[in-house]
Amino acid sequence: MIAIGSDHGGYELKEAIMSYFDSENIEYKDFGIHKLEAVDYSDVGVVVANAVTSGECDLGIIICGTGIGISIAANKVPGIRAALCTDTYMARMAKEHNDANVLALGGRVLGIGLALDIVKTFIETPFSQESRHQNRIDKIVVIEEQNSK
Ligand code: RB5
């Protein structure tokens, strides 16, 4: 199950991604927004992040105008590794090396065709499982623990 959410800057791209998911029978849960209205990207980023860390969803996709604000917000949730990707190489590396669990996209940055290729690559690429990558991720967990209140 994929959690998906956007602010107004990502609304159009979110609709396109959900149409793609519908056509491919890919299960997703839409965390809004549900109509084009101005909202704060930080509010959407945290609900998608919580859906992933709670185990309700396996992966998340978050979209704002640039993908920057919503990825910064999601990455404040412990356990979230949100990767802002602008091409398919980044999407593949985000999974292979970083085991990213959230994909962030910029709705005002990417065309729909490229964005869908990024989404497909992100969903289909597994984590490499190599120990050097796991060690680096483990160090991120330590940073989270050291900075938790
Ligand atoms: C909203 O205008 C815009 O600031 C937001 O979508 C995002 O790009 C912020 O990082």
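The values are calculated or read from the model by the stated rules, or taken from the named source; none is laboratory data. Everything numeric in this text was worked out from a predicted model, so none of it was measured. In this analysis, Cβ positions are derived from the backbone assuming ideal geometry, glycine residues included, and neighbour counts consider all displayed protein chains. These area figures cover heavy atoms from the full protein model, side chains too; ligands, DNA and RNA do not enter into them. Shrake-Rupley method; radii C 1.70, N 1.55, O 1.52, S 1.80 Å.
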Exercise for the section: Consider SER54 carefully, then state whether it is within 13 Å of the ligand (Cβ to nearest atom), modelled with pLDDT of 95 or more and hydroxyl-bearing (Ser, Thr, Tyr). Expected result: no
Problem - Selection from the stretch 122-149 of residues that are part of a helix (DSSP H, G or I) and polar (S, T, N, Q) - result: SER131, GLN134, ASN135, GLN146
Exercise for the section: Would you tally the residues in the stretch 88-107 being of a type in the set (A, V, I, L, M), open to solvent by less than 20 Å² (accessible area, probe 1.4 Å) and part of a helix (DSSP H, G or I)? Expected result: 2
Handout entry: Subset of the stretch 108-121 (residues that are assigned to a helix (DSSP H, G or I) and touching a Ser or Thr at 6+ places or on another chain (Cβ under 9 Å))
Key = LEU114, ASP117, ILE118, LYS120, THR121
Problem - Unique residue being out of contact with any His (no Cβ under 7 Å at 6 or more places or on another chain), under 30 Å from SER148 (Cβ atoms) and among the hydroxyl-bearing types (Ser, Thr, Tyr) when the list is TYR89, TYR11, TYR41, TYR20 - result: TYR41
Practice task
For GLU96, indicate whether it is farther than 23 Å from SER148 by Cβ, more than 12 Å from the ligand (Cβ to nearest atom), without any contact (Cβ under 8 Å) to a residue 24 or more places away in the chain and charged (D, E, K, R).
Solution key: no
Fill in the blank from the handout: Listed by first then second residue, the pairs whose first member lies in the stretch 123-149 and is open to solvent by 60 Å² or more (accessible area, probe 1.4 Å), whose partner is assigned to a helix (DSSP H, G or I) and at pLDDT 95 or above, with beta carbons under 7 Å and at least 6 positions apart or on separate chains, are PRO126/LYS95
Completion exercise
Among the residues of the stretch 108-122, the number that are out of contact with any Lys or Arg (no Cβ under 9 Å at 6 or more places or on another chain) and either open to solvent by 80 Å² or more (accessible area, probe 1.4 Å) or closer than 20 Å to VAL52 by Cβ (or both) is 6
Problem - Residue, nearest to the ligand (Cβ to nearest atom), within the stretch 61-80, restricted to residues that are of a type outside the set (Ser, Thr, Tyr) and open to solvent by 60 Å² or more (accessible area, probe 1.4 Å) - result: ILE68
Completion exercise
If we ask which residues in the stretch 6-46 are aliphatic (A, V, I, L, M), open to solvent by 30 Å² or more (accessible area, probe 1.4 Å) and either in contact with a strand residue (DSSP E or B) (Cβ under 6 Å, 6 or more places away or on another chain) or within 15 Å of the ligand (Cβ to nearest atom) (or both), their number turns out to be 4
Handout entry: Condition check for LEU84: more than 30 Å from GLU130 (Cα to Cα) and either touching a strand residue (DSSP E or B) at 6+ places or on another chain (Cβ under 6 Å) or buried (at least 24 other Cβ atoms within 10 Å of the Cβ) (or both)
Key = no
